[in-house]
Amino acid sequence: MVISGVRLPMMTSLIVWAVIWEIAGHTEAGFILPPLSRIIWRVVEIVPTASFLDALLITGRAFLFGNAIAIGLGVPLGILMGRSVIADRLLLPWVNLFLSAPLSALVPVIMVLFGLGETTIILTVVLFSMWIIVLNTRAGIRAISPSLVEMARSFGANAWQAFSRIYLWAALPEILAGIRLGMIRAVKGVIIGQLLVSVVGFGTLFEIYQSHFLMEHFWALLLVLFSFAFTLNELLAGLERRFAYYAASR
């Protein structure tokens, strides 16, 4: 960020907002929005507790399983849509529908079908994260140069060899971008699932803090989730940049 010819560090905007938050916390708004310094202290206080670690285990398990299923289904489906005109015309309207629809309204439907257990929460994560992976993978496949495909055919490559050595690697930048966006959406999905389906994991902590009006604890837990999502986004964005040369080599 450059202001009046002076280059400021990337963290400057966060520091400015932190100062504004701290000042607002010492006004009448502090009833709802406590000072940031007290919220950070609550983070240090609640993270080592057994209740937080148990919630982290439950939430992390659903998050990882849901993302694994979303990637395992989304990448092959995106490749199929990118290579097959028929499959693309049949599936693209549904993918766009699920991507733009208010998915929270579909969670009760999953709950009726699969009950109130962890399966429903995992499927909620899949529902939130899968479709953006499909679309990004499809875009990467459609951007592959036809010469690469023709070369594979001329050397007698079968379907699996073309998938594993041409399509997957050539579309890798877009696939990684879709996985990054899908995982960010999955953070929202796992929390919504735990709040709407069965109050477990972080959903339990949010319910306790909200019902007892422990706003410092509530914002501390939100700060932990925001920090996790931001860190995850930056790590995956760095991984994308490392593989960006595949896009140029197409």
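The values are calculated or read from the model by the stated rules, or taken from the named source; none is laboratory data. The structure displayed is predicted, hence computed values, not measured ones. Note that we place each Cβ from the backbone using ideal geometry, even for glycine, and neighbour counts take in every protein chain shown. Protein only, heavy atoms only, side chains kept; ligands, DNA and RNA dropped before computing areas. Shrake-Rupley method; radii C 1.70, N 1.55, O 1.52, S 1.80 Å.
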Take the residues in the stretch 46-55 that are touching a helix residue (DSSP H, G or I) at 6+ places or on another chain (Cβ under 8 Å) and assigned to a helix (DSSP H, G or I), then tell me which one is most open to solvent (accessible area, probe 1.4 Å). Ser51
Quick one: count up the residues across the stretch 202-217 that are under 26 Å from the mean Cα position of the chain (by Cα) and more than 15 Å from Arg38 (Cα to Cα). 9
Which of the residues spanning the stretch 92-104 are within 17 Å of Ser129 (Cβ to Cβ) and either open to solvent by 60 Å² or more (accessible area, probe 1.4 Å) or touching a helix residue (DSSP H, G or I) at 6+ places or on another chain (Cβ under 7 Å) (or both)? Trp94, Val95, Asn96, Leu97, Phe98, Leu99, Ser100, Pro102, Leu103, Ser104
Does the stretch 82-105 contain at least one residue that is out of contact with any Cys (no Cβ under 8 Å at 6 or more places or on another chain), of a type outside the set (Gly, Ala, Ser) and more than 30 Å from Ser145 (Cα to Cα)? yes
Select from the stretch 156-180 the residues that are open to solvent by less than 20 Å² (accessible area, probe 1.4 Å) and without any contact (Cβ under 8 Å) to a residue 24 or more places away in the chain and list them in ascending order. Ala162
Subset of the stretch 74-90 (residues that are free of Cβ contacts under 8 Å to residues at least 40 places away in the same chain and among the aliphatic types (A, V, I, L, M)): Leu80, Val85, Ile86, Ala87, Leu90
